[in-house]
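Trainee: Let me give you the structure first, and then I'll get to my questions.
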Amino acid sequence: MSFTVKHIEQVAIITANILKLDGSVSDEFRNTFVILNEEGVRNMVLDLSKTEFVNEIGMNDLVFIRDLCHNAKGSFVMSCVSTKAMSLINLLASEDDFIIVPTVDEGVDLVYMEEQERELGFL
């Protein structure tokens with residue numbers, strides 16, 4: 001399986017067990033997130049620690065998933081992005097397009113903070 005999912009309360013942590021985020025995994029990648037969304041999951045943290053390459057198709061998938069979470073009034077956070085993948089992401093997207101944190105734990109914490117802000121009406 002190219003992607004594994006772990007649930008912690010109201011957050012799904014998706015680990016990409018792939019070296020390249022490109023067209024060869026695009027359908028499976030999107031479907032993983034769509035199914036989670038259909039199951040009512042709106043907060044997702046993507047662990048990219050094993051991914052070294054992201055091309056334009058992979059970036060389109062990341063934008064799709066970000067929008068999927070935001071449309072569900074949730075959060076999408078990327079974590080553990082390698083230096084090489086980060087430079088490719090920066091070439092293909094604006095720095096403000098995504099929330100990127102160093103670790104999965106920080107991503108989960110950030111999602112919890114955003115959930116609290118939504119509950120208080122700040123987001």
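Trainee: Is there any pair with a first residue in segment 94-114 that is under 18 Å from K73 (Cα atoms) and a second that is polar (S, T, N, Q) and in a loop (DSSP other than H, G, I, E, B) whose Cβ atoms are under 7 Å apart and which are 6 or more apart or on different chains, and what are they?
Mentor: V111/N43; V111/S75; E114/S75
Trainee: Now a separate question. Starting from residues that are in a loop (DSSP other than H, G, I, E, B) and buried (at least 21 other Cβ atoms within 10 Å of the Cβ), keep the ones in segment 75-84 and report whichever is nearest to the chain's Cα centre (by Cα). First the steps, then the outcome.
Mentor: Taking segment 75-84 first, the residues in a loop (DSSP other than H, G, I, E, B) are 75, 80-82.
Now restrict to residues that are buried (at least 21 other Cβ atoms within 10 Å of the Cβ): 75, 80-81.
Numbers: S75: 9, C80: 11, V81: 11 Å.
Among those residues, the one meeting the criterion is S75.
Trainee: Determine whether I14 is without any contact (Cβ under 8 Å) to a residue 40 or more places away in the chain, more than 24 Å from F122 (Cβ to Cβ), in contact with a Ser or Thr (Cβ under 7 Å, 6 or more places away or on another chain) and assigned to a loop (DSSP other than H, G, I, E, B).
Mentor: Taking the combined requirement at face value, the residue does not satisfy it.
Trainee: While we're looking at this one, here's another question. Restricting to segment 12-29, and then to whatever is under 11 Å from the mean Cα position of the chain (by Cα) and within 15 Å of R66 (Cα to Cα), can you tell me which residue is modelled with the lowest pLDDT? Don't jump to the end; show me each part of the working.
Mentor: Residues of segment 12-29 under 11 Å from the mean Cα position of the chain (by Cα): 12-16, 29.
Remaining after also requiring within 15 Å of R66 (Cα to Cα): 12-14, 29.
Values: A12: 97, I13: 98, I14: 97, F29: 94.
The selected residue is F29.
Trainee: Looking at T4, T51, T32, which is the one that is among the hydroxyl-bearing types (S, T, Y), touching a residue at least 12 places away in the same chain (Cβ under 8 Å) and in a loop (DSSP other than H, G, I, E, B)?
Mentor: Details: T4 fails: in a loop (DSSP other than H, G, I, E, B); T32 fails: in a loop (DSSP other than H, G, I, E, B).
Checking each option against the conditions leaves just T51.
Trainee: Does G23 count as in contact with a Lys or Arg (Cβ under 6 Å, 6 or more places away or on another chain), touching a residue at least 24 places away in the same chain (Cβ under 8 Å), among the small types (G, A, S) and outside any helix (DSSP H, G or I)?
Mentor: On the way: in contact with a Lys or Arg (Cβ under 6 Å, 6 or more places away or on another chain): no; touching a residue at least 24 places away in the same chain (Cβ under 8 Å): yes; among the small types (G, A, S): yes; outside any helix (DSSP H, G or I): yes.
The answer is no for G23.
Results for (1) at pLDDT below 95; (2) of a type in the set (V, I, T); (3) at positive phi, shown as yes or no for each residue.
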site	(1), (2), (3)
R42	no, no, no
V45	no, yes, no
S49	no, no, no
V54	yes, yes, no
M86	yes, no, no
I89	yes, yes, no
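Trainee: Here's a follow-up. Name the single residue that is nearest to R66 (Cα to Cα) among those in segment 96-117 being in a helix (DSSP H, G or I) and among the aliphatic types (A, V, I, L, M). Reasoning before the result, please.
Mentor: Going residue by residue through segment 96-117, those that are in a helix (DSSP H, G or I) are 104-117.
Filter once more, so that each one left must be among the aliphatic types (A, V, I, L, M): 104, 108, 110-111, 113.
Working: V104: 17, V108: 15, L110: 15, V111: 13, M113: 17 Å.
Going through the qualifying residues, I end up with V111.
The values are calculated or read from the model by the stated rules, or taken from the named source; none is laboratory data. Bear in mind that the values here come from a model prediction, so they are computed numbers and not experimental data. Heads up, the Cβs are rebuilt from the backbone with ideal geometry, glycines too, and the neighbour counts pull from every protein chain shown.
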